[in-house]
Amino acid sequence: MPTTPPPSPSAAPVRKDARRNHERVMAAAGQVFTTLGPTAQIEDVARAAGVGVGTVYRRFGSRDGLIAALVTDRLAGWAVAARAELTHADLGPWDTFARLVRSYAESCVADRLLLDVGCATVLELLTDGQGPGGLLTLLDEVIATGIQAGTLPPTYTTGDVVTLMTALAGVAAVPGLDWRPLLDYTLTGIHHTARPHGPSTSS
């Protein structure tokens, strides 16, 4: 008499396991790259997460893919917090832009992973459509508002933010150098360049 085959396992536990592994790898990667810096390898992350190396490769494709996922995840969360802060700050277009750029720079410098990888990395990913859409949207909105108000040059783009963050990262990575004056001088220059294009310089 034929026996009834056992029911096929549900896909739900598989998805749950995959999600759990993803979270474990991301958490472990954050700790490993913060501790070891840019020399950390996927094997280090897999060991810390308690998963096989193949699991990490299947999910992220490569070490660069893992770093990109970790960086974009961190800055996606930062973008949410930054938007909430700016929403309640009731600032004019220029002060909104300046605070956003300064906050982004401080976040990069305070986070060893972001500093080691480069503060502009996530924005470079954004240009390829791979990064956190919330950050791209926030930057686009703030820049567009500043241009419309005349507090940013009409040709200013997210690419200019990439250039600025790359320069700041290079300075901040050198022990003993302070990146803040460079940011202050750059913001002053941006604002000064925009003044002839609009009636407002502070709102």
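Could you please state how large a percent of the accessible area of the range 20-116 is carbon and sulfur, counting protein chains only and using a 1.4 Å probe?
Values: 2380 of 4690 Å².
Taking all protein chains in place, the range 20-116 shows 51 percent carbon and sulfur surface.
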Can you give the percent of C-alpha pairs in the range 24-114 whose distance is more than 21 Å? 41 percent
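If Lys and Arg each add +1 and Asp and Glu each add -1, what is the summed charge of the other residues whose beta carbon sits under 13 Å from the beta carbon of residue 24? Present the calculation step by step, with values, prior to reporting the outcome.
Details: positive: 16, 19, 20, 47, 59; negative: 17, 23.
Spelling it out: positives minus negatives among the neighbours equals +3.
The values are calculated or read from the model by the stated rules, or taken from the named source; none is laboratory data. Model, not experiment: these values are computed from the prediction. As a convention, Cβ positions derive from the backbone with ideal geometry for all residues, glycine included, and neighbour counts pool all protein chains shown. Calculation scope for accessible area: heavy atoms of the full protein, side chains included, ligands and nucleic acids excluded. Shrake-Rupley method; radii C 1.70, N 1.55, O 1.52, S 1.80 Å.
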